[in-house]
Amino acid sequence: RARARDRAEADRIHRQSLAAIEDVIQRRGDLRLEVEIAFDRLEALPDRAEPPWPTIAVLGENYVRCNDAANHRLAERLEALGADVVYPSLCEWVEYTNWTARLHCGYERRPLASLRLAGIGLVQRSELERLERPLRSRLVHGARPALKRIFELAAPYVPETFEGETIR
């Protein structure tokens, strides 16, 4: 949206695309096709003329970062200043909660529960890869990093066992 010359039009297309994606999910239709259509519509909007834009990642608790009322319309305010605002994928949160649950299984000596969670995580990552792969080239900021890579990047500052929003 920040790159679009007409942000109101970008918002309108975004709302329409979300409704269409919701409908496709309910009908069990072709989700990837509908997402491709959404990309096409948004990419057809003319860009602002003054790239490059600074990129600002909004991190923290999911509700606050994703709810305009809770964050005082932070993304809009940053975009008005010329920033390109990005949010980490909520899939990252799902992966992270699985990882922390497995960590606790280790503390509690519950290896079978940890193995079950590892299987769930494998299915989740496999499904995400299946959905994400055809769209990766269209993502402005590229594919999201694997959780392992996030831990590697955070390691000099925060130990892996430090749980919560700090890592994500």
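The values are calculated or read from the model by the stated rules, or taken from the named source; none is laboratory data. Values in this document were obtained by computation on a predicted structure and should not be read as measured data. For neighbour counting, all protein chains shown are included, and Cβ atoms are generated from backbone atoms with ideal geometry for every residue, glycine included. Accessible surface areas use protein heavy atoms only, side chains included; no ligands, DNA or RNA. Shrake-Rupley method; radii C 1.70, N 1.55, O 1.52, S 1.80 Å.
Things to note:
- Accessible area in the full protein assembly, largest first, 1.4 Å probe, for Phe39, Phe162: Phe162, Phe39
- The alpha-carbon atoms of the stretch 62-139 define a convex hull whose volume equals 113 cubic angstrom per residue.
- Derived from the Cα gyration tensor, the three semi-axes of the equivalent ellipsoid of the chain are 32, 21, 14 Å, largest first.
- Here the contact order of the stretch 61-153, divided by its residue count and restricted to Cα pairs under 8 Å and six or more residues apart, works out to 20 percent.
- Degrees, to the nearest 10: 111-132 long Cα axis against longest axis of the chain: 20 degrees
- Helix 7-27 axis versus longest C-alpha principal axis of the chain: approximately 50°, rounded to the nearest ten.
- Local electrostatic count at Asn98 - Lys and Arg +1, Asp and Glu -1, tallied over other residues with Cβ under 12 Å: +1
- Computed from Cα positions, the angle between helix 31-43 and the longest principal axis of the chain comes to roughly 40 degrees.
- Amide hydrogen proximity for Asp84: with H placed 1.01 Å from N in the peptide plane, the residues at 5 or more positions away or on another chain lying under 5 Å are Thr55, Ile56.
- Over the chain, dividing the summed -39,500 (n - 2.57) contributions of all DSSP H runs of at least 4 residues by the number of residues returns a 222 nm mean residue ellipticity of -18000 deg cm²/dmol.
- Counting protein heavy atoms only, the stretch 68-168 has 60 percent of its accessible area on carbon and sulfur, 1.4 angstrom probe.
- From the alpha carbon centroid of the stretch 1-28 to that of the stretch 92-168 is 28 Å.
- Heavy atoms of the protein chains alone define the surface here; on that basis the chain has 67 Å² accessible area per residue at 1.4 Å probe size.
- Largest-first ordering by accessible area, 1.4 Å probe, given options Ser17, Ser89: Ser89, Ser17
- Mean shadow area of the stretch 11-95 over all directions, Cα convex hull, nm²: 7.0 nm²
- In this simple spin-label model, placing a label point 7 Å from the Cα along the Cα-to-Cβ direction at both Val158 and Phe39 gives a separation of 3.0 nm.
- Pairwise FRET efficiency - Ala20 versus Thr97, Cβ, R0 = 25 Å, nearest 0.05: 0.30
- Here the dipole of the stretch 28-128 is about 720 debye; that uses its Cα centre as origin and unit charges on the Cβ of Lys and Arg (positive) and Asp and Glu (negative).
- Cβ-based charge dipole, the chain, positive-most Cα from Leu131, Asn67, Gly119: Gly119
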